[in-house]
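Colleague: So that we are looking at the same thing, I have put the structure below in structure tokens.
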Amino acid sequence: MAKALSFKEGRVMNISWQVENSGIDCGVYLMRHLESYMGENEGRWECGLTCKIPGDVSAIIKLRTIYMVRLLTADFNKYKSMIDKDFEAFRKLDILDQNFLLQE
């Protein structure tokens, strides 16, 4: 299969949410694209994002959080046990203390 694919020419799809200057969020856009693409034809693939960065702010924050949790709690993360312990300690804190820590 690799031999057959090596002769294929790549092509960039035109997508409705294509963003050229996403700054630090380019990885989030990439992860969402990889997660949502299931072989749809051009023009039929929707990933839930728009082409307007201000419009995507809440979606990007949510996706960034989801991907961060997946990476931090993955079995391959050598710091997973430390993160789990810290999270359990955080959960036991009063809500005001939690908010204080989150504001730092």
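Colleague: Out of segment 51-80, which residues are farther than 19 Å from Leu30 by Cβ and among the charged types (D, E, K, R)?
Modeller: Asp75, Lys78, Lys80
The rows are residues; the columns are (1) under 15 Å from the mean Cα position of the chain (by Cα); (2) charged (D, E, K, R); (3) part of a loop (DSSP other than H, G, I, E, B).
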residue: Arg44; (1), (2), (3): no, yes, yes
residue: Gly48; (1), (2), (3): yes, no, yes
residue: Val57; (1), (2), (3): yes, no, no
residue: Leu63; (1), (2), (3): yes, no, no
residue: Phe76; (1), (2), (3): no, no, yes
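Colleague: Might you let me know whether segment 29-51 holds any residue that is over 23 Å from Arg11 (Cα atoms) and either loosely packed, with under 11 Cβ neighbours inside 10 Å or among the charged types (D, E, K, R) (or both)?
Modeller: The answer is no; no qualifying residue exists.
Colleague: Could you tell me whether Ile83 is more than 18 Å from Val28 (Cα to Cα), within 21 Å of the chain's Cα centre (by Cα) and either surrounded by 11 or more Cβ atoms within 10 Å (Cβ to Cβ) or among the small types (Gly, Ala, Ser) (or both)?
Modeller: yes
Quick grid of which residues meet (1) in contact with a helix residue (DSSP H, G or I) (Cβ under 9 Å, 6 or more places away or on another chain); (2) among the hydroxyl-bearing types (Ser, Thr, Tyr); (3) outside the structural domain of Leu34 (by TED's automatic domain parsing); (4) at positive phi:
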{"residue": "Gly48", "(1), (2), (3), (4)": "yes, no, no, yes"}
{"residue": "Asp56", "(1), (2), (3), (4)": "yes, no, no, no"}
{"residue": "Ile60", "(1), (2), (3), (4)": "yes, no, no, no"}
{"residue": "Thr65", "(1), (2), (3), (4)": "no, yes, no, no"}
{"residue": "Asp86", "(1), (2), (3), (4)": "no, no, yes, no"}
{"residue": "Arg91", "(1), (2), (3), (4)": "yes, no, yes, no"}
{"residue": "Phe100", "(1), (2), (3), (4)": "no, no, yes, no"}
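Colleague: Another question, if that's okay. Does Leu72 count as more than 30 Å from Met13 (Cα to Cα), under 19 Å from the mean Cα position of the chain (by Cα), at pLDDT 80 or above and surrounded by 11 or more Cβ atoms within 10 Å (Cβ to Cβ)?
Modeller: Yes; evaluated as a whole, the condition is true for this residue.
The values are calculated or read from the model by the stated rules, or taken from the named source; none is laboratory data. The structure displayed is predicted, hence computed values, not measured ones. Backbone-built Cβ (ideal geometry, glycine too); neighbour counts: all protein chains shown.
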